[in-house]
Structure formats: structure tokens, C-alpha cells
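The values are calculated or read from the model by the stated rules, or taken from the named source; none is laboratory data. Just so we're clear, the structure is a prediction, and the values are computed from it rather than from any experiment. Don't worry about glycine lacking a Cβ; one is built from the backbone with ideal geometry, like all the others, and counts go over all protein chains shown.
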């Protein structure tokens, strides 16, 4: 048994390395859009027409296979209508683009208290590298990809088509 300081409670958002149930891999909110853009300090830095807006959160335990898995899932996710109006086409089939925006708040844990805990979110350079890896993989799959700016305060505008919104977690947490 490990010693615990008297009167000191463990922080509710603390993640123990041995408690992998708390950790998530790559998490994304995917929205089918007719248009989307990202503005930073009054300047548009990324803009697409028909395609996918992807809000991407990277966890501290992400690995290369998670990035590849997510990119392939995004490229091949059949959420665009075919000639019969059924969702049978991917963003590639529809000739669409992808706007990827980093959003660490997707890893927020709200199970305890009123303030989200973000301890599961990857930090700084490690998170940026994984974010860029997803973007690079999407481009390698032949997609036109626009991005926001990692770590910047961004204004995201979109016209959700449908609306169609899909949640993806590479660890299949939901």
C-alpha cells in the first residue's frame, strides 16, 4: 500500500498511468458542411466548400496507428448522399475538402465537479506533431485539406449540411 498524505485528496481529474480506462486516443467531431472557415485575428486562414469540418483532439497516449486509423476513417466515412439520397458516398467520392481544427477541449473530462479536467489532452509539440500527422495522412489519401493554426484562438464558422455530425474516438470510447 502506498502512503498518502493526511488531509490531501487526490485531484478528481488526475490520470494514473495504470488506469488506462481514463485515457482516450484521438477524438474527433466530424460535421458534414456546405462551407466552413477558420479566422484568426480577423484573417481567414482556412476555408472549404462542400466537405468535412473536423474538430480534432489528441490524447496523451496517442500513437501513430491512431492517426492513420482516424485519417482513413475520415476519408472513407460514407456520410454524403448518393443519387438516391442515401448516405453512401465518402468525402473523396463527393469531391469534397476537409478543414481540420485542433481542439484539445474534446478531451475534457466532466465526470467530477463543474470544471472540466484536461489532463488527458496531449501538450504542445507532441499534440501538434500528431495533429499534423493526421493532416499529412489525409493529404496523402488525395484530399484537399485546409487547417486552422494549432494553439491559436480561432473563430470557426460553418454551415452544417443535414445536419450531420459524427463523433469518432479511435479507442471506441463511444
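Counting only residues that are in a helix (DSSP H, G or I), within 14 Å of the chain's Cα centre (by Cα) and surrounded by fewer than 19 Cβ atoms within 10 Å (Cβ to Cβ), how many does region 56-74 have? Result for region 56-74: 4. Quick one: is residue 56 at pLDDT below 95 and at negative phi? Against the criterion (at pLDDT below 95 and at negative phi), residue 56 does not qualify. Does any residue of region 81-90 turn out to be more than 14 Å from residue 136 (Cβ to Cβ), without any contact (Cβ under 8 Å) to a residue 60 or more places away in the chain and crowded, with 22+ Cβ neighbours inside 10 Å? Checked region 81-90: no residue is more than 14 Å from residue 136 (Cβ to Cβ), without any contact (Cβ under 8 Å) to a residue 60 or more places away in the chain and crowded, with 22+ Cβ neighbours inside 10 Å. Go through the residues of region 22-40 one by one and say whether even a single one is surrounded by fewer than 18 Cβ atoms within 10 Å (Cβ to Cβ), modelled with pLDDT of 95 or more and outside any strand (DSSP E or B). Looking through region 22-40, none of the residues is surrounded by fewer than 18 Cβ atoms within 10 Å (Cβ to Cβ), modelled with pLDDT of 95 or more and outside any strand (DSSP E or B). Per the conditions (1) out of contact with any strand residue (DSSP E or B) (no Cβ under 8 Å at 6 or more places or on another chain); (2) modelled with pLDDT of 90 or more, the sole criterion not satisfied by residue 4 is (2).
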